[in-house]
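What follows is a set of notes on a single structure, which appears directly below.
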Amino acid sequence: MGIKLETVTADDEYFMTRAEVARFRGVAAEDSELLDLLIDIGTETGLRWGELAGLHLQRVDTKRLVIQVQEAWDKHSNEIKPYPKGRRRRGVPITRRLAGRIDDYVKRNPPKRCRARHRGGRRCTGALLLASKAGTPLNYGNMRRRHWDSVAERAGLAGGTPHDMRHTYASWLIQDGAGIETVSALLGHKSWTTTMRYAHLADARWAKVRDIIGGPEPTPDGLSSDAIAEAVRVLAAEPERWAAVAAALDGGLAPNAAPILPPSGDAADGAKIIDLASRRRSTG
Ligand SMILES: [Zn+2]
């Protein structure tokens, strides 16, 4: 009888590289501007499908560069809920580039009044950003069948799903050193343990851990950067010793090389070193 270990696998989670997203968007743009914009926003914000489908224009602040994640499309009840999964509203930053693109898109495609059913029969005066021509939320199944799947296949990303955009966002953040708690807040996770599934991607953070555990890595010439910094500090405080080092090094300098000055030495120290160095040159 063995001990059953609880395992967390990430096998079903695929995330795209930046090059893959660029390729995907290139093919998507040929399909439709809406699909390209969906992928652009999806990979830059990590929003869930329901949050993308329920994203109202008034929640996109292109001046302050932030999206307020509030309303979300709920596939079970077929309506817009006034809060996302876990009932936690959150803000997600967007780049100036994406904000400009959204402004431009909205200018050219004036949004229709929101035609989605809102929970509690609330009348919506807003507009959905990523909507059908009629102003209804994007239908996941239709979107996959008519656009996403074939575009993904042509881009060499067959089998990829819209949820991969969220994994992609999380993996980029973790790989570039964003902390688990930051990523957790951005994704709107209720608990850090959910975010921990991305921890194995934290290359940048592991490098930091290796530094702490193993001490500073030696520089190529065998001296640690700490040792060099300490030597410079000592020599800068003691011009006499700096002069001696400068003199010793001078033997290996080209005839017209500039004299070595102490980092914080005054003019007198500098003159002494120049004097020392030139004497060695003339006698050597
Ligand atoms: Zn609405």
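A short reminder: the numbers here are calculations on the coordinates, not readings from a lab. These figures come from a predicted structure and were not determined experimentally. Glycine gets a Cβ as well: all are built from the backbone with ideal geometry, and neighbour counts include every protein chain shown.
Among the candidates Ile180, Ile213, Ile174, the residue that is over 21 Å from the mean Cα position of the chain (by Cα), more than 16 Å from the ligand (Cβ to nearest atom) and β-branched (Val, Ile, Thr) is uniquely Ile213. The condition of being farther than 14 Å from Gly54 by Cα and within 16 Å of the ligand (Cβ to nearest atom) holds for only one of Gly121, Gly100, Gly91, Gly86, that being Gly121. Once the range 66-83 is narrowed to residues that are among the β-branched types (Val, Ile, Thr) and within 15 Å of the ligand (Cβ to nearest atom), the residue that is farthest from the chain's Cα centre (by Cα) is Ile80. When you check Gly54 against the structure, is it out of contact with any strand residue (DSSP E or B) (no Cβ under 8 Å at 6 or more places or on another chain), small (Gly, Ala, Ser) and within 15 Å of the ligand (Cβ to nearest atom), yes or no? So Gly54 fails the test. Within the range 155-165, does at least one residue satisfy the condition of being touching a Pro at 6+ places or on another chain (Cβ under 7 Å), buried (at least 19 other Cβ atoms within 10 Å of the Cβ) and touching a residue at least 60 places away in the same chain (Cβ under 8 Å)? For the range 155-165, residues touching a Pro at 6+ places or on another chain (Cβ under 7 Å), buried (at least 19 other Cβ atoms within 10 Å of the Cβ) and touching a residue at least 60 places away in the same chain (Cβ under 8 Å): absent. Residue pairs whose Cβ atoms lie under 7 Å apart, separated by 6 or more positions or on different chains, with the first residue in the range 47-70 and without any contact (Cβ under 8 Å) to a residue 60 or more places away in the chain and the second of a type in the set (Phe, Trp, Tyr) and surrounded by fewer than 19 Cβ atoms within 10 Å (Cβ to Cβ), are Gln70/Tyr83. Residue pairs whose Cβ atoms lie under 6 Å apart, sitting 6 or more positions apart in sequence or on different chains, and linking a residue in the range 113-125 that is acidic (Asp, Glu) to a partner that is within 8 Å of the ligand (Cβ to nearest atom), do not occur here.
Of the residues making up the range 103-118, those that are over 17 Å from Asp61 (Cβ atoms) and within 14 Å of the ligand (Cβ to nearest atom) are Lys112, Arg113, Cys114, Arg115, Ala116, Arg117, His118. Residues in the range 124-141 that are within 11 Å of the ligand (Cβ to nearest atom) and surrounded by 11 or more Cβ atoms within 10 Å (Cβ to Cβ): 9 in all.
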